[in-house]
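Asks: Provided herewith is a single structure, encoded as structure tokens, for subsequent inquiry.
The values are calculated or read from the model by the stated rules, or taken from the named source; none is laboratory data. What you are looking at is a predicted structure, and each value in this text was computed from that prediction instead of being measured. Methodologically, a virtual Cβ is constructed for each residue, glycine included, from the backbone with ideal geometry; neighbour enumeration extends over all protein chains shown.
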Amino acid sequence: MVHLLHYIPERRSKVMDIVEDVIPLYDTAISVREDRPVKSVSLVPGTFR
């Protein structure tokens, strides 16, 4: 399972970082190396922009 999040934390105090906006990722290549045969691949939620 690969789950990607992209955001920029903003330091608002000495002890707290705030994340206000998630930045979408587009045209990002992901590769996974596996030693065993892959049985299936799914894109969840199943839509690709």
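Asks: Between a residue in region 1-22 that is farther than 30 Å from E34 by Cα and among the small types (G, A, S) and any residue that is in a loop (DSSP other than H, G, I, E, B) and modelled with pLDDT of 85 or more, which pairs come within a Cβ distance under 7 Å, given they are 6 or more apart or on different chains?
Replies: Once the first residue is farther than 30 Å from E34 by Cα and among the small types (G, A, S) and sits in region 1-22, no partner that is in a loop (DSSP other than H, G, I, E, B) and modelled with pLDDT of 85 or more comes close enough.
Asks: Which residues, counting only those in region 13-44, are of a type in the set (A, V, I, L, M, F, W, C) and under 21 Å from M1 (Cα atoms)? Even if it seems obvious, please write down each step before you answer.
Replies: To start, the set of residues in region 13-44 that are of a type in the set (A, V, I, L, M, F, W, C) comprises 15-16, 18-19, 22-23, 25, 29-30, 32, 38, 41, 43-44.
If the condition is that a residue be of a type in the set (A, V, I, L, M, F, W, C) and under 21 Å from M1 (Cα atoms), then V22, I23, L25, A29, I30, V32, V38, V41, L43, V44 are the ones that fit.
Asks: Moving on to the next point. From the list E34, E20, which residue is touching a strand residue (DSSP E or B) at 6+ places or on another chain (Cβ under 9 Å), exposed (fewer than 10 other Cβ atoms within 10 Å of the Cβ) and part of a loop (DSSP other than H, G, I, E, B)?
Replies: Values: E34 fails: touching a strand residue (DSSP E or B) at 6+ places or on another chain (Cβ under 9 Å).
That would be E20, the only listed residue that is touching a strand residue (DSSP E or B) at 6+ places or on another chain (Cβ under 9 Å), exposed (fewer than 10 other Cβ atoms within 10 Å of the Cβ) and part of a loop (DSSP other than H, G, I, E, B).
Asks: Still on this structure, I have one more. In this structure, is D27 out of contact with any strand residue (DSSP E or B) (no Cβ under 8 Å at 6 or more places or on another chain), among the acidic types (D, E), without any contact (Cβ under 8 Å) to a residue 60 or more places away in the chain and exposed (fewer than 10 other Cβ atoms within 10 Å of the Cβ)?
Replies: Yes, satisfied.
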